[in-house]
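*Asks:* Sharing a structure below in structure tokens format, with a few things to ask.
The values are calculated or read from the model by the stated rules, or taken from the named source; none is laboratory data. Fair warning: this is a prediction, and the values are worked out from it, not measured in the lab. Glycine also receives a Cβ, built like all others from the backbone with ideal geometry; neighbour counts cover every protein chain displayed.
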């Protein structure tokens, strides 16, 4: 069986968007499926991680075509963004308005027509059993849709994030026509694909209102996340956040609680260390200063995947943040599963009845505190700190192996073969 995977994010792209299908491709051949990857030749990836090129299986056919992106005109700011670690989600303002109203569904839409032309020639000379598109960027689904219409081949559309309900869409200040066009495109993709794949049960429930078939495969962890027995934990009471931190996830309550605990105890203040590794929004940095936690905080900036793993393995506590927005119960950041493999206590702030809460409970991996539960958050931090002082800050994890990338790929292979049966 042979599948064509249409993805914008592919090594040397860094960040979370590349991980899901890089790992699926890594294991698909073990389940009798040959992947062919179609991606961009000259992408303006804001974050790059050349080390991920080593994870691409040898002998995999990779098709590439150039892309013209209107945002390339703005990439004279790229080096400045790289050094400052500015969040690349959305910052609002005029440029975001242009992005949200003139490039629908996203600036990659100009790649659709040339990609369809190129891939149709490929399909004319090669047998493909299933076409797979993954978004965002959701323009990838428009490429697959055209090919699906022209050929008798099944199509699986992977929604790593929502489309019209994506939490940072409001920063684009979309006018009514843009919102309606996005909604129509999304509904068309949901109706026309043979199967929708997504990352959480709550998101599945939303997509099932329109799509005829929806399956869930979460993100996961891989072997490189195995914590070495020789890992030396931080001597400080380190609370580490690793990954993209948009302004919608700014943990103001956490900083307020930590400020109070530092006032109550000089020893706690001396022990406390906040680590932010990755792409951190400026709003978070402002909040750190406002709560006088700057002396306890280290902004490391963007690092390679392997370096990120090292940070999470040695941290005393791993911080996980869900955006404080509507419809956030189905948000499952991929970082969760990498945290699981690090086997350090997870402190999460988010909806207490969402998909994240369910996984934390079933894996016994940590606690989740609601956005406004100040007293509970304080109690949880104090409890973690006391265990740290007693050198007993450990967690007995359960049921995490089902989130290994190989197990998840086995599930994907079953879905793909059922589509083609």
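*Asks:* Would you pick out the residues in region 58-82 that are surrounded by fewer than 14 Cβ atoms within 10 Å (Cβ to Cβ) and either in contact with a strand residue (DSSP E or B) (Cβ under 8 Å, 6 or more places away or on another chain) or modelled with pLDDT of 85 or more (or both)?
*Replies:* 58, 59, 61, 66, 68
*Asks:* Condition test on residue 141, is it outside any strand (DSSP E or B), modelled with pLDDT of 90 or more, over 23 Å from the mean Cα position of the chain (by Cα) and buried (at least 19 other Cβ atoms within 10 Å of the Cβ)?
*Replies:* When the stated conditions are applied, residue 141 does not pass them.
*Asks:* Looking only at residues in region 34-55 that are more than 16 Å from the chain's Cα centre (by Cα) and part of a loop (DSSP other than H, G, I, E, B), which one is modelled with the lowest pLDDT?
*Replies:* In this case the residue turns out to be 44.
*Asks:* In addition: State which residue pairs qualify: first residue assigned by TED's automatic domain parsing to the domain that holds residue 364 and inside region 386-397, second residue outside any loop (DSSP other than H, G, I, E, B) and at pLDDT below 95 in any location, beta carbons under 8 Å apart, and separation of 6 or more residues or different chains.
*Replies:* Once the first residue is assigned by TED's automatic domain parsing to the domain that holds residue 364 and sits in region 386-397, its partners that are outside any loop (DSSP other than H, G, I, E, B) and at pLDDT below 95 give 397/340.
*Asks:* For region 22-38, what are the residues that are in contact with a strand residue (DSSP E or B) (Cβ under 8 Å, 6 or more places away or on another chain) and surrounded by fewer than 23 Cβ atoms within 10 Å (Cβ to Cβ)?
*Replies:* 29, 33, 34, 35, 36, 37
*Asks:* Going by the structure shown, is residue 400 crowded, with 17+ Cβ neighbours inside 10 Å, modelled with pLDDT of 95 or more and either under 28 Å from residue 213 (Cα atoms) or touching a helix residue (DSSP H, G or I) at 6+ places or on another chain (Cβ under 8 Å) (or both)?
*Replies:* Against the criterion (crowded, with 17+ Cβ neighbours inside 10 Å, modelled with pLDDT of 95 or more and either under 28 Å from residue 213 (Cα atoms) or touching a helix residue (DSSP H, G or I) at 6+ places or on another chain (Cβ under 8 Å) (or both)), residue 400 does not qualify.
*Asks:* Would you mind listing the strands (runs of 3 or more DSSP E) fully within region 258-371 where at least 1 residues are within 21 Å of the chain's Cα centre (by Cα) and surrounded by 18 or more Cβ atoms within 10 Å (Cβ to Cβ)?
*Replies:* Result: 272-277, 317-321, 346-349, 366-369.
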